[in-house]
1. Determine, yes or no, whether residue 161 is at pLDDT 95 or above, surrounded by fewer than 19 Cβ atoms within 10 Å (Cβ to Cβ) and not in a strand (DSSP E or B).
2. Regarding residue 208, is this residue at pLDDT below 95, in a helix (DSSP H, G or I), under 25 Å from residue 241 (Cα atoms) and outside the structural domain of residue 89 (by TED's automatic domain parsing)?
3. Within the stretch 226-245, track down each residue that is part of a loop (DSSP other than H, G, I, E, B) and either in contact (Cβ under 8 Å) with a residue 60 or more places away in the chain or out of contact with any helix residue (DSSP H, G or I) (no Cβ under 6 Å at 6 or more places or on another chain) (or both).
4. Taking the stretch 434-446, which residues are surrounded by 19 or more Cβ atoms within 10 Å (Cβ to Cβ) and either in contact (Cβ under 8 Å) with a residue 60 or more places away in the chain or under 31 Å from the mean Cα position of the chain (by Cα) (or both)?
5. Run down 43, 74 and say which single residue is at pLDDT below 90 and surrounded by fewer than 22 Cβ atoms within 10 Å (Cβ to Cβ).
6. Applying the selection to the stretch 457-502, what residues are in a helix (DSSP H, G or I), among the basic types (Lys, Arg) and within 17 Å of residue 403 (Cα to Cα)?
7. Just one of 149, 168 is crowded, with 20+ Cβ neighbours inside 10 Å, outside the structural domain of residue 236 (by TED's automatic domain parsing), over 30 Å from residue 224 (Cβ atoms) and hydrophobic (A, V, I, L, M, F, W, C); which is it?
8. Given 94, 121, which one is closer than 15 Å to residue 9 by Cβ and assigned to a loop (DSSP other than H, G, I, E, B)?
Amino acid sequence: MAKLVECVPNFSEGRRPEVIDAICNAITAEAGVVLLDKEMDADHNRAVVTFICHPGLAVEAAFRGYQKAAELIDMTTHKGEHPRMGACDVCPFIPISEMTVEEAIVLAHKLGRKVGDELAIPVFLYEDAATRSSRKDLAKVRQGQYEGMIKAIEKDPKRKPDYGPARMNLKAGATAIGVRFPLVAFNVYLGTNKKWIADRIADAVRSLKGGYRFVKALGFEIRERDQVQISMNLVNYTKTPIFRVFETIKSEAARYGVNVTSSEIIGLVPSQAILDVSDFYLRLENFSSAQVLEQKLQSAGGATAVKESFADEVASSSPAPGGGSVAASAGALGAALASMVSRLSIGKKQFEKVKDELTRVRDRGDELRAELTALVDTDKEAFNKVIAAFKLPNGQERDDAVEAANKEAATIPLEVMNKSLEVLKLARVVAEKGNPNSITDAGVGGLMATAAVHGAGYNVRINLTSIKDQAFVTKLKEAAEVITKEAEDQAHQIRKMVESKL
């Protein structure tokens, strides 16, 4: 699996979908950042957004979310049931694959410094990224919430932020950035509107009141439903599973003559957490996750084991994906080979002097692979927009739509050219300084990137023929020519190195 990090920023807005849509669009503005989920709660006036990407893209993606939230959310007027201290209230990083907690902590510090310096928002690091033990618990960091923290940040030395000014940003508030284990946001509704009952039951299960070690819980009144809710974060579902907490809440509620009416999971949940619930309630014998169809498919090669391959899609009678997508795919493969040669060199004594440089190649190669892979679909979508524009009724609206779609269809392969040129530069580094046993891999990486530049260049040129804006045409033509010329120079150098070492 690729190197991936998940990020789950929580925003203090649950009533205006257009605001959360704008924030999500900002987060995913760069190819390679994938939005997995977004959930809004009007009573809590809060939204939970989940995205995933290569770690190299995560800080900028999260920062764009902070920027947009600071622009669109005003904490001076914010009201909601959920505890909060900022427009982007919390932003945890969660290592998913081929990534350590320590690497995630580096991301938390980078984002914290950027948010503090550029947006003037006080930043507190929490959970595994906490700089002091008193800040591991988010509830303690957020104590007093937005209103109570305004004076505390300035006057109490213990509340001085890790990054940013030691004063509240009145519009955007403050924020907590951290690193944590995948948690389960779990809510249980009771058949009563008496909040004191929810409060007592929340106290019975929450860690701070002597309940379960890995449960954070609060009682809320949900006026819209005329009910109360126990809202929880299960911060380690492997040690305190969902079913155990649920059964305890049912038992406690019965003491007050109240029933549990329903429950809900907010955001995404690890499959094992749900499988544990199924195992408990069904009393399964000798059950394992290997019996789950989707898990079996994944272990057998994922959906690609049974669905049409990219090559099959290209070979079909559909005009998209076509040459543009194939060029992006070639660039991604070139990046993958550059990263591979780096990994086959790093750690070996003879490459110790170039370790740092090869590490940078490895990491940037991983980023470019993710970005170019995303552009495979982006190029396909751009072509489909051109077709859709041509299907509009004749008139100025159709002409404008066709022009805009053609401009986008020309711009995307230019982006492929740019990124593939960068891949060529990485291939040149590993051809020169990487493991000589992998010299042909470096060479093939260079060839793939060269093909990507030329292939994407064809697509730039053909799309420009349909554009009326001659200033735009001239600008893209010149940019494509510059990239092509530099790419040919890089490719020539790589070929010389490969030939000299064979």
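1. No; evaluated as a whole, the condition is false for this residue.
2. yes
3. Just the residues of the stretch 226-245 that are part of a loop (DSSP other than H, G, I, E, B), to begin with: 226, 235-241.
Passing the criteria: 226, 235, 236, 238, 239, 240.
4. Of everything in the stretch 434-446, those that are surrounded by 19 or more Cβ atoms within 10 Å (Cβ to Cβ) and either in contact (Cβ under 8 Å) with a residue 60 or more places away in the chain or under 31 Å from the mean Cα position of the chain (by Cα) (or both) turn out to be 434, 435, 438, 439, 441, 442, 445, 446.
5. Residue meeting the stated conditions: 43.
6. The answer is 461, 475, 477.
7. 168
8. Going through 94, 121 in turn, just one is closer than 15 Å to residue 9 by Cβ and assigned to a loop (DSSP other than H, G, I, E, B): 121.
The values are calculated or read from the model by the stated rules, or taken from the named source; none is laboratory data. What you are looking at is a predicted structure, and each value in this text was computed from that prediction instead of being measured. Please note: Cβ atoms are built from the backbone with ideal geometry, for glycine as well, and neighbour counts cover all protein chains shown.
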